[in-house]
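The values are calculated or read from the model by the stated rules, or taken from the named source; none is laboratory data. The structure presented is a predicted model; accordingly, all values stated were derived computationally and were not measured. Glycine also receives a Cβ, built like all others from the backbone with ideal geometry; neighbour counts cover every protein chain displayed.
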Amino acid sequence: MVDVRTQFPSRALSERFAVPHLLTARPAVGEQDIALLVEDHRDGSRARIWRAGEAPSDLLPFPVGVGALITNDGRWIIDLDDGGGSEVGSLIATAVDGSEVVDLTPGREPFVLRGLESSHDGSAIVATVVDEAGFHVLVIPSRPWGDPRVVYSSPIEAWYGQISPDSALVSVDTTDHNPGVRRPALTVVDTRTLETVAVLNDMPDGPVRGVRFSSVAGDDRLLVSTERSGFARPATWNVRSGERVDYALPELRGEVMPLDWHAATGRVLALHVDEGRHRLLEISEQGAAVRVLLEGGSFADPDVADLHPFQWASYFAPNGRVRAVRSSWDVPLHIIELSESGDARSLIEPAAVPPGVSMRSTMVDSSDGTRVQLWLGVPREAPPVGTVLEVHGGPNLVAVDAYNPSAQAWLDAGFAYASLNYRGSVTFGRAFREGFWGSGGDREIEDVEAAVAWLRAKGLADPASTFITGASFGGHLTLLSVGRLPDLFAGGLAHVAVAEWSAAIAAMNPAVRTVWSSWVPPEMVERFSALTYVGDVKGSVWINQGSIDTRTPIVGVQRFVDELAARGGDVVMDVFEGGHEPTGLAMLEHDQRRMTDLALRAIGGDSWADSSMP
C-alpha cells in the first residue's frame with residue numbers, strides 16, 4: 001500500500017497559515033468615517049484603525065477580540081477582558097496607544113457579553129451582559145467614562161441592546177413573552193425612567209429583531225428584521241406612534257436580511273439569500289424599489305445571540321456610500337466601495353494567500369424531502385485521497401461562501417471537502433432554522449446521512465476514507481454521527497464538543513445554559529448525547545478541547561472518551577490552553593496539521609490512539 005502521508009509536503013500547509021487576513025470590519029457608529037479592522041495573525045487576533053481616505057494604521061500594540069468596538073472619536077477600543085478566552089469577564093476600554101486601560105464595569109460580577117454598541121453621538125456605550133442573575137442591558141457614559149447604569153434586566157434570555165442616537169432609548173431582543181423559545185420580541189425602554197416605551201411582538205408568526213435606530217434627530221424609528229412570511233424581511237417601526245412599514249418583497253424568494261440603514265436618504269442595505277447564495281441589495285423606503293448592487297461570494301456572515309448579529313457585514317459609510325465587505329471560499333475578506341452610480345473601487349484588498357479552490361453549491365434532498373445546502377470543493381491536481389465533511393457550530397450559524405484556510409488546507413492535502421448547512425442553520429427561513437427543535441438530533445443526522453449519500457453518488461465518500469469534523473455544536477454532531485452513522489465514517493475530528501449534555505449544561509456559562517436547557521430538556525438528554533451511542537462507534541475519534549472553555553466544558557466529553565477507550569475504541573483527546581474560540585494562525589495550523597496527520601493515518605490503517613502530536 002502506498003503511504004499517502006508522504007505525498008503532501010508540510011511546507012504547503014505552513015504557507016496556507018502564514019498570511020494574516022481580515023476577520024471583520026467594525027465601523028464606528030456616528031458621523032466619523034472610522035472602522036476597526038480585526039485580522040487573524042500567527043499569535044491571535046490583532047487590529048488596525050481605518051479612517052476614510054487613509055491607509056489602515058499600524059497594528060495596535062495589544063490583542064483585540066473579533067467582537068471589539070472602536071469609539072467614534074477613534075480614541076478607545078472596547079473589549080471583553082476574559083482571561084484568555086473563557087468568554088466570562090469584564091468590559092474594558094483601552095486607549096489606542098495602549099497607555100491606559102479603564103474598567104467599565106467596576107465591582108460587577110464576571111459576565112458574558114451578548115451585545116455591544118455605541119450611540120450615534122458618542123455619549124454612551126450599551127452592553128448586554130449575562131450573569132448568574134440573568135440578562136441585563138447596561139448604559140455606560142463614555143465622554144467621560146462613567147458608572148454603568150442597568151436599564152433592563154430579566155432572568156429570561158435577551159440580547160443585542162441597541163441605543164438611540166441621543167442615548168434616550170434602548171431596544172433589546174427579548175423572550176420573556178415566551179420563555180425558553182428563541183422567537184424574540186423587541187422591547188424598548190426609556191434610559192432615564194426605565195419604563196417600557198413599547199414592545200413589538202410578531203408572535204405567533206415569528207420573531208422580530210432590532211437592527212438600527214434612525215440616526216436622524218427627532219426620528220423615533222427602528223429598522224427591524226421580521227419573519228411574518230417565514231423568511232426574514234426588513235421593516236421600520238416608530239416606537240412612539242406605533243407606525244410600522246413592512247417590506248414584503250414578494251418577488252424575492254428566500255431571506256432578505258436588513259444589514260444597515262441610511263435613514264437620512266431613506267435606504268436600507270440588505271442581504272438576499274436564496275438557497276445559500278448571496279446578493280447585496282439596496283432597498284428604497286419610497287416604494288420599496290430594490291436595486292441589486294453585487295452578487296457572487298458573500299456579503300455578511302450572520303450570527304444569532306452571540307456578541308453581534310453578524311460576525312461581519314457590509315454597511316453604509318456616513319456619507320451614504322455602500323461599503324461591500326466581501327469574501328469567497330478562496331478569497332479572503334476585503335472591502336469595496338460603491339458609488340451612487342454603481343461604480344466600484346477597492347478600499348481594502350484581500351490578503352495575498354496562496355491560490356485556492358472555489359466551492360460549488362448544491363441542494364440535497366434529506367430523507368423527508370427537506371432540501372439542505374451542501375458546499376463542495378475537490379482538489380485540482382489528482383483524484384481525492386479521501387473526503388472531509390464539515391458541519392458548522394451554532395446551531396444557529398451558517399457556512400457561507402467565505403474564506404476558510406482550513407478548508408483550503410484539506411484540499412491542498414488531496415481531500416475533497418464538503419460543508420453542510422443542516423437543519424438549524426440560519427438564512428434558510430424560520431422553519432429550517434427551527435427544524436431541529438425537539439427531534440433529539442434526528443433531523444441533523446438525517447441531513448448528514450443525505451449529504452454523504454449525495455457525495456457517494458458523485459464517486460466520493462468511501463467509508464474507509466471519509467471523515468466528519470466540526471466545532472462546538474458541529475463537534476457534538478461529529479461525535480453523534482460516528483455513533484449513529486458508524487458505517488459512513490472512518491473517523492470523527494471534533495473541536496470543543498459536547499458528548500454528554502446533562503454534564504455539559506450544568507457546567508456551561510449562564511448565557512448558553514439558558515437556551516440549551518430548553519433545547520435539550522431532561523427527557524431529551526439521552527437521545528441527544530453521543531455518549532448514548534458510544535458502543536456503536538467503529539471509526540477513530542479525536543477530540544480537541546479548550547482548558548477554560550465555558551460553552552462546551554471538558555466535563556461534557558470526558559466520560560465519552562473514557563468509555564470509548566474502555567471498550568477498546570480508537571480515541572484520543574488533546575487539550576489546548578484557551579477557551580471556546582481560539583484564534584491565531586499558528587494554532588489553526590497546529591490543529592490542521594494534527595487532523596491531516598490523523599486522517600492520513602486512518603487511510604493507511606494506523607491507530608489514532610498511538611499517535612503523538614506533530
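Worth pointing out:
- In segment 358-377, of all residues being under 25 Å from the mean Cα position of the chain (by Cα) and part of a loop (DSSP other than H, G, I, E, B), the one that is nearest to Phe428 (Cα to Cα) corresponds to Thr370.
- Residue in segment 524-533 that is more than 30 Å from Pro179 (Cβ to Cβ) and touching a residue at least 60 places away in the same chain (Cβ under 8 Å) present: no
- Test result for Val129, touching a His at 6+ places or on another chain (Cβ under 6 Å) and either β-branched (Val, Ile, Thr) or surrounded by 15 or more Cβ atoms within 10 Å (Cβ to Cβ) (or both): yes
- Contacts under 7 angstrom Cβ, first residue in segment 301-315 being farther than 19 Å from Asn421 by Cα, partner in a loop (DSSP other than H, G, I, E, B), 6 or more apart: Leu307/Gly67; His308/Gly67; Ser314/Phe299
- Condition met for Glu589 (surrounded by 17 or more Cβ atoms within 10 Å (Cβ to Cβ), closer than 24 Å to Ile445 by Cβ and of a type in the set (Asp, Glu)): no
- Candidates Ala288, Ala305, Ala324, Ala300 - the one that is of a type in the set (Gly, Ala, Ser), in contact with a strand residue (DSSP E or B) (Cβ under 6 Å, 6 or more places away or on another chain) and modelled with pLDDT under 95: Ala305
- Considering segment 180-290, there are no qualifying strands (runs of 3 or more DSSP E) wholly inside with 2 or more residues that are farther than 30 Å from Asp166 by Cβ and of a type in the set (S, T, N, Q).
- Total residues in segment 509-545 satisfying the condition of being over 28 Å from Trp608 (Cβ atoms) and either buried (at least 20 other Cβ atoms within 10 Å of the Cβ) or not β-branched (Val, Ile, Thr) (or both): the figure is 15.
- Check on Thr387, touching a helix residue (DSSP H, G or I) at 6+ places or on another chain (Cβ under 9 Å), crowded, with 21+ Cβ neighbours inside 10 Å, in the same structural domain as Val512 (by TED's automatic domain parsing) and modelled with pLDDT of 95 or more: yes
- The residue of segment 342-357 that is nearest to the chain's Cα centre (by Cα), among those that are under 30 Å from Gly53 (Cβ atoms) and of a type in the set (Gly, Ala, Ser), is Ala351.
- Test for Val426: is it at pLDDT below 95, under 19 Å from the mean Cα position of the chain (by Cα), under 20 Å from Arg182 (Cα atoms) and assigned by TED's automatic domain parsing to the domain that holds Gly369: no
- For Leu23, the test of being in a strand (DSSP E or B), at pLDDT 95 or above, touching a Lys or Arg at 6+ places or on another chain (Cβ under 6 Å) and not assigned by TED's automatic domain parsing to the domain that holds Leu598 is failed.
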